[in-house]
Structure formats: structure tokens, C-alpha cells
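Report on the following structure.
The values are calculated or read from the model by the stated rules, or taken from the named source; none is laboratory data. Note that the structure is predicted; figures quoted are calculated from it, not measured. Note: ideal-geometry Cβ built from the backbone for every residue, glycine included; neighbour counts use all protein chains shown.
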Amino acid sequence: MSAVFGGIYCLRHSVHCLIVDRDANRCKAVIDSRGQRISCSHIVMETSYLDRSKMMMMRVSRFLSRAVLITDSSVLPSESDQQISMVTVPPEGGSPAVKMVELSPSSMTCIPGTYLVHLTCRSVGSAHQDLSPLVTRMFRTTESQEEDRRPSVLWSLYFNMADGTASQVEGQPLPSNVHICHGPDSALGHEDAVQQAASIFQSILPEEEFCPPAPNPEDIVYDGDNTSTGEDRGDMGQDDEQNPEQNQNQENRNQNQENQNQENPDPEQNQNQGNPELQSVGPEERPASS
């Protein structure tokens, strides 16, 4: 979204360190991985970029168990190749609820003939302990002994990660213009990330609107190099009503121009009459062409 609204990305330029004015308690520049200094008014970064001394002060109260699978078919077969499945498996036997997202090759995340599956739940034990029972129940793995039509797991990865929404970063000695955002959470959508982005945006630009809606294409008017919307046209009409004297002067100029046009119906002919060199040549006076 940053690029859509005019953001500029410096690719392959990771941040190496911050330059902080201790007297003002503000970050005034960053040094990238190539040693280039870039001045800044504000900086927004994820909690993993904090140095170790500050990471010691960050408390994580909740973790997530995740699994990533590559399978040979879909859990929910469909005739359409453009399929994205989102399933919530309810808790069972003390295990947490599991959220599953299955992506087809049309999502450009896996090669044709395969599917990419993401499994996420709140951590009770290790990721393998939390998610492997569900995987063996819904998919055919190397541990399966029976041949059936369940999708086969071609590759799998289990790991645990911190729940970003449960990280506590208050009270850290950070510069006043450094804003911290958390990492991903267990939700299937991006509502929490959007709310946090809006909060940081308002703290940086309190007088601006966050992600303003795009104008209706039917209300956009292209007039030469200028582009205006229906709202702008309404403002122009309002300005005309508020300046009657200017409108009267414009009407007088238009009337004078019409009177001149009536007196001189053919300005090109009048101009030619005043200049003998531009007199028209009749058929009998036109020189013969060679």
C-alpha cells in the first residue's frame, strides 16, 4: 500500500544503525548496509530490528505454532483452478483451534500440480506436537499406512514464532520519533495490521487522512494538464457565486468580443485589405505554374 500512495522503496538497502540526537531524543538519520546516510523525520520498524539490549526488555507472552506444507492436491477439490480455501478447524481434546489457508497454483505461490498450505494455531507445545495430529488426519504422510484419496504431503516445515500482538514494547528507551510495529499474528486477515498502521500514521501526521478513498472515475475531469474532480467543480461554482463583480466583468468582455465579431465578420479579409502584399489573387491574375 505504501507504493500505491507514493512510497519509495530502497531495494537491497537494509538499515545498519540509527543516528540519534541524545539531547533531543530523536533519530535524525539512518545508516544503510552500504554505509550511506539517509536523513529522516520519523522511522517505523518491526520489533525484530531492536538491538539485543532492548530485546531483553521486550516481553512476549504468547507464541504461535505454524506449519507450511506442499501437497499434490486440494483438501477441498473443485473444478476451478483458481481456488483459495480458508478453513478453521475447531479445537478438539484440549488442542487449540487451527486456521488453515490453502493456495492453488493460480495464486503464483507454487508450481502447477501442487498446493501450498499454511496451518496456524496458538502454541501449547512445539509446532510439531500441536499440528502434526491434524496433518496426519487430513493429509497422507510418510507415516500413513493406508492408501486413500487424501492429498499427499510432498514437503513440510514446522516452527514456532512469537505472536506479534502479544509483544510488550512500552517503556523502552526509544527516540520519540521511532515507531515500533509488531509482527504477524494468528488472524487470517490483516485487520490488526491496518489498525496499527492507521495509529502510527495519525501519530506522525495527525492532520492527514489515512488511506483516503479514491475518487469515482466518473467524477474525474481531464482539462489539458489539469485534473479536477466533481467536488473541485462544485468549489469552482461556489467561488463564482461569491464573486459576482468578477463574473459581470467577464460577461462584459464577452459581449464586447461578440460586437467586434459582428462588425468584422471576416477578420482575415479585413487584415488582407490593410496589407497589399496579402491581397487575394483571382483566377486570371494567378501566375502560371512551371
Test: residue in region 71-80 that is loosely packed, with under 10 Cβ neighbours inside 10 Å and either among the hydroxyl-bearing types (Ser, Thr, Tyr) or touching a residue at least 60 places away in the same chain (Cβ under 8 Å) (or both): yes
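Take Ala214 and decide whether it is closer than 22 Å to Ala127 by Cβ, in a loop (DSSP other than H, G, I, E, B), at pLDDT below 90 and out of contact with any Gly (no Cβ under 6 Å at 6 or more places or on another chain).
Details: closer than 22 Å to Ala127 by Cβ: no; in a loop (DSSP other than H, G, I, E, B): yes; at pLDDT below 90: yes; out of contact with any Gly (no Cβ under 6 Å at 6 or more places or on another chain): yes.
No, not satisfied.
Residue-wise test of (1) under 16 Å from Asn177 (Cβ atoms); (2) modelled with pLDDT under 80; (3) in a loop (DSSP other than H, G, I, E, B).
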{"residue": "Met1", "(1), (2), (3)": "no, yes, yes"}
{"residue": "Ile8", "(1), (2), (3)": "no, no, yes"}
{"residue": "Leu18", "(1), (2), (3)": "yes, no, no"}
{"residue": "Arg34", "(1), (2), (3)": "no, no, yes"}
{"residue": "Met57", "(1), (2), (3)": "no, yes, yes"}
{"residue": "Met86", "(1), (2), (3)": "no, no, no"}
Give Ser41, Ser53 a once-over and let me know the one that is modelled with pLDDT under 75, loosely packed, with under 10 Cβ neighbours inside 10 Å and outside any strand (DSSP E or B). Ser53
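Results for (1) in contact (Cβ under 8 Å) with a residue 40 or more places away in the chain; (2) out of contact with any strand residue (DSSP E or B) (no Cβ under 8 Å at 6 or more places or on another chain); (3) surrounded by 14 or more Cβ atoms within 10 Å (Cβ to Cβ); (4) assigned to a helix (DSSP H, G or I), shown as yes or no for each residue.
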| site | (1), (2), (3), (4) |
| --- | --- |
| Glu102 | no, no, yes, no |
| Cys110 | yes, no, yes, no |
| Gly113 | yes, yes, no, no |
| Leu116 | yes, no, yes, no |
| Leu119 | yes, no, yes, no |
| Asp130 | yes, no, yes, yes |
| Pro133 | no, yes, yes, yes |
| Thr136 | no, yes, yes, yes |
| Asp148 | no, no, no, no |
Residue within region 122-133 that is more than 23 Å from Leu64 (Cα to Cα), over 34 Å from the mean Cα position of the chain (by Cα) and of a type in the set (Ser, Thr, Tyr) present: no
